[in-house]
Amino acid sequence: MKERVAIVGIGVTGFSSVSPSLSFKELTYTAAVKAYQEAGLHPKDIDSFITASEDFMEGYSIFDEYVPDQMGAVMRPVQTVTADFLQALGIGCMMINTGRFRTIAVEAHSKASNIKTLDEVKAFALDPVYIRPLKENADFLAGLEMKRFLEETGNTEKQCAQVVVKNKTNALRNPHAAHAANLTVDDVLSSLPLSLPLKELDASKPADGAIMVVLASEKEARALCQKPVWIKSISWFSGQGNPWCRNFAYADYAQLAAQKAFAIAGIINPLKDLDFAEICDEYSYKELQHLEAIGIARKGEAGFLTQTGATSLGGLLPVNVSGGSLGVGHTYEASGGMKVIEAVMQLRHEAGMRQVPNAKTGLVQSWRGIPTATGAVAILSNE
Amino acid sequence: MGFRKVAIVGAGITKFVRRAQETGPEMSYLASKMALDQAGLKLKDVEMITLGSAPDAFDGVHMKGEYLLSGAGGNNKSYIRNFVGGGTGVFAPIHGWMHVASGACDVCLVVCSEKMSSCHPHPQGAFLTIFDHTTEQPLKPTLIWIFALEMRRYMETYGLSKADIARVAVKNKNNALDHPSAQVAEAVTLDDVLNSEVLAEPVHRLDISPASDGAAAVVLASEEVAKRLTDKPVWIDGVGWNLDTAYWATKDLYYPRYVEKAARMAYEMAGITEPHKEIQVAEPYDPFDYKELHHMEGLLLCERGEAARLTAEGFTARTGNLPTCPSGGALGVGNPIAATGLMKVIEIFLQLREEAGKRQIPGKPRVGVAQAWGDLMQVGTVIVLRR
């Protein structure tokens, strides 16, 4: 019998485009202390620790060396997954479900402002044999994908721009956000080309920050916490690993992950059963593409939902009330984590000005970014 | 509440070589295919995949896990990469154990792939950036340099000579003559090791494992599925891992406490109280010859400071009381970091199934342990297998 797993503590630094006064260790320490305090646990009481990170983003080979100290996890079972925070959270749930662990701390952070050559690092993820010789900026794949997605589904560039406007406006209500702004659709449409049809304002901007979430088994959670947030399901999938084998129009990884997550969590009609969704919006078109893949919107209708305000705060299903990656900032391996923090605050009814009324069940979705087709979906609930 | 049992039901290893013609994804494919074939399964029977591989700097590819995905069978599957530096090879099957023991799936493919040769001119270059950028990198340390410190400290603490240490290299390189994947198997003598070229005193060339390319894979299955697939499942009885501080210069290097902690975690789960009596075959990580001794002590297979004497007395030979690295280890078979750890797990798997061919140890072993180690003398990963 699988045990239910709950989030019993969260810690977050908030996000900013630069963080010159804090190292990544200090960012992590700040988030960790908050999470442990909230959970009422000393790190000694945590059975195991997980970090989501990538070497090249940290500037170290074997970055997992530098993980334990600032989490209070020295001489403890600590692991790294080179994946999104949501996948790390999923591994944490698995560990509790083995019956051998009761509490797990999951951490991720971004110190993107330290990276002098962010575009080059991104391009370094391109296949060294087949794609890198083209000597393209990695965003060219996003441009191709956006073009194909718009062509095949009938969504428009203008609707993509509306996603940017919505999310950056939402972010104005989020004190953690680094890239909130009052923009118009024309501002987005007339911004500089990145890789057409992708424009500068269609892409999220990096942000620094750290996140920690403390997980506990049901028994522990009941004892520790007044307002546990239950993880109903987490699932991750990869589509075609090689970009040249992929249909750029569809996010099949999100579809596969959502199908499994919905089946486990008992979600039949996502529009009705969910109260809000935090969707990966690293690029504006990605929010629309993911909404359709997940089944929240029918094929070709995600743009229309956005245009008519159905995904705005107060709409049928608010999407990225946090501001998403476009408004809060892109935090790489921590991206899913930033959205989990938002979901937990919504489900505890602690989201202040951006609270979704009576939020009971929410969805969080992540994607690993260009050039991958890997993503995760989690269903969180307060009941 | 009963825990779900997890078994290894199939394994595959590519040849370990200095420069493979295959890419990382291709090597992952070869090992995965072998493991699935042995288990009598197709890729479609695999529900989830976990892959282990050491730093991205070897391949020079950011998000290397995603790069290796298609070769490891990850297309349209749940796939994740786990990473604890040099300890990854034994951690990967632990990760797979989490997948199956939790009930998330019944069949999990575990792949470890390493292509070190992409790093020019030598993969040691990838290790220059493992050190703290403020306190250590200005000293321009290399891995060999810091392990020379550790080896020296170990020798000094117990009054060991170079010959005491070098016997491990002789044993393992000779053992590897019987391993079909071996890269640097050689009938070396003690004098060969002692007289080999000095790299950083007291470390000589033959004290060290080589840089290698290679891949390994195992298939894990739940009890029900395992019993359907094979008459000889090998059970994962205990798992443990532990990470020490990154500030390695603050600790006494003579003893790997983190390996002991990891071992105790695994032994407790496996119900092992007297490891030196209950374990019949061991594959401690041996990237350097002194590390095998260090790790035997950390794994509580002998008293501290005793490992060298036991080695000299033949205790750790294939015919000894506790055969240690019967595969030939990293020193003999080669050291494609993550794949080495999994190769060691596979060796225990084969020994317990009595399928190790010329390497088979006598006495129908029932319990074995494999261990890997890595980072800045910092991480221990331990797995206990039982027939």
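Each value in this text was obtained by applying a stated rule to the coordinates, not by laboratory testing. All of these numbers come straight from a predicted model, not from anything done at the bench. Glycine gets a Cβ as well: all are built from the backbone with ideal geometry, and neighbour counts include every protein chain shown.
In segment A:119-136, which residue that is touching a residue at least 12 places away in the same chain (Cβ under 8 Å) and surrounded by fewer than 16 Cβ atoms within 10 Å (Cβ to Cβ) is farthest from the other protein chains (Cβ to nearest Cβ)?
By that ranking, first place goes to A:Glu136.
Which of the helices (runs of 4 or more DSSP H) found entirely inside segment A:269-383 contain at least 1 residues meeting this: closer than 19 Å to A:Val185 by Cα, β-branched (Val, Ile, Thr) and within 14 Å of the chain's Cα centre (by Cα)?
Counting at least 1 such residues, we get A:324-328.
For segment B:205-229, which positions are of a type in the set (Ser, Thr, Tyr) and within 16 Å of B:Gly332 (Cα to Cα)?
B:Ser209, B:Ser212
Count, please, the residues in segment A:207-218 that happen to be assigned to a strand (DSSP E or B) and more than 15 Å from the chain's Cα centre (by Cα). I'd like the intermediate steps shown before the answer.
The first filter runs over segment A:207-218 and keeps only residues assigned to a strand (DSSP E or B), leaving A:208-217.
Those left that are additionally more than 15 Å from the chain's Cα centre (by Cα): A:214-217.
Qualifying residue count for the region: 4.
Return the total of residues in segment A:219-245 being outside any helix (DSSP H, G or I) and more than 10 Å from chain B (Cβ to nearest Cβ).
Number satisfying all stated conditions: 9.
What do you reckon, is B:Leu68 more than 18 Å from A:Thr82 (Cα to Cα) and either surrounded by fewer than 24 Cβ atoms within 10 Å (Cβ to Cβ) or at the interface with chain A (Cβ under 10 Å from one of its Cβ atoms) (or both)?
Against the criterion (more than 18 Å from A:Thr82 (Cα to Cα) and either surrounded by fewer than 24 Cβ atoms within 10 Å (Cβ to Cβ) or at the interface with chain A (Cβ under 10 Å from one of its Cβ atoms) (or both)), B:Leu68 does not qualify.
Out of the residues in segment B:252-266 meeting the condition of being surrounded by fewer than 24 Cβ atoms within 10 Å (Cβ to Cβ) and more than 15 Å from A:Ala73 (Cα to Cα), tell me which one is nearest to the other protein chains (Cβ to nearest Cβ).
B:Met265
Considering only segment B:27-57, state which residues are charged (D, E, K, R), surrounded by fewer than 18 Cβ atoms within 10 Å (Cβ to Cβ) and not in a loop (DSSP other than H, G, I, E, B).
B:Lys33, B:Asp37, B:Lys44, B:Asp45
Residues checked against (1) more than 25 Å from A:Asn155 (Cα to Cα); (2) free of Cβ contacts under 8 Å to residues at least 40 places away in the same chain; (3) of a type outside the set (Phe, Trp, Tyr):
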| site | (1), (2), (3) |
| --- | --- |
| A:Ser204 | no, no, yes |
| A:Ala207 | yes, no, yes |
| A:Ile211 | yes, no, yes |
| A:Ala223 | yes, yes, yes |
| A:Ser235 | yes, no, yes |
| A:Gly239 | no, no, yes |
| A:Cys245 | no, yes, yes |
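Select from segment B:138-181 the residues that are exposed (fewer than 14 other Cβ atoms within 10 Å of the Cβ) and over 23 Å from the mean Cα position of the chain (by Cα) and write down the one among them that is farthest from the other protein chains (Cβ to nearest Cβ).
Within segment B:138-181, the match that is farthest from the other protein chains (Cβ to nearest Cβ) is B:Ser161.
Could you list, in sequence order, all residues of segment B:228-248 that are in a helix (DSSP H, G or I) and either in contact (Cβ under 8 Å) with a residue 40 or more places away in the chain or hydroxyl-bearing (Ser, Thr, Tyr) (or both)?
Selection gives B:Leu229, B:Trp248.
Within the group B:Val234, B:Val198, which residue is farther than 30 Å from B:Ala163 by Cβ and either over 22 Å from the mean Cα position of the chain (by Cα) or surrounded by 21 or more Cβ atoms within 10 Å (Cβ to Cβ) (or both)?
It is B:Val234.
In segment A:50-72, what residues are outside any helix (DSSP H, G or I), more than 25 Å from A:Gly369 (Cα to Cα) and more than 7 Å from chain B (Cβ to nearest Cβ)?
Across segment A:50-72, the qualifying residue is only A:Gly72.
Identify the residue in segment A:73-88 that is more than 29 Å from B:Tyr255 (Cα to Cα) and of a type in the set (A, V, I, L, M) and, among all such residues, is farthest from the other protein chains (Cβ to nearest Cβ). Write out each step before concluding.
Step one: filter segment A:73-88 for residues more than 29 Å from B:Tyr255 (Cα to Cα), giving A:82-88.
So of that shortlist, the ones also of a type in the set (A, V, I, L, M) come out as A:83, A:86, A:88.
Working: A:Ala83: 5, A:Leu86: 11, A:Ala88: 9 Å.
Result: A:Leu86.
So that you can scan it fast, the table gives a plain yes or no per residue for (1) in contact with a Phe, Trp or Tyr (Cβ under 6 Å, 6 or more places away or on another chain); (2) at the interface with another protein chain (Cβ under 8 Å from one of its Cβ atoms); (3) buried (at least 24 other Cβ atoms within 10 Å of the Cβ); (4) without any contact (Cβ under 8 Å) to a residue 40 or more places away in the chain:
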position: B:Asn75; (1), (2), (3), (4): no, yes, no, yes
position: B:Ser78; (1), (2), (3), (4): yes, yes, yes, yes
position: B:Gly85; (1), (2), (3), (4): no, yes, yes, no
position: B:His99; (1), (2), (3), (4): no, yes, yes, no
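Mind checking which residues of segment A:313-327 are crowded, with 21+ Cβ neighbours inside 10 Å, in contact (Cβ under 8 Å) with a residue 60 or more places away in the chain and over 14 Å from A:Ser284 (Cβ atoms)?
Across segment A:313-327, the qualifying residues are A:Val321, A:Ser322.
Output the qualifying pairs, or none if there are none: Cβ atoms under 8 angstrom, residues six or more apart or on different chains, first residue in segment B:127-145 and part of a helix (DSSP H, G or I), second residue surrounded by fewer than 10 Cβ atoms within 10 Å (Cβ to Cβ).
Final answer for the pair search is B:Leu128/B:Lys140.
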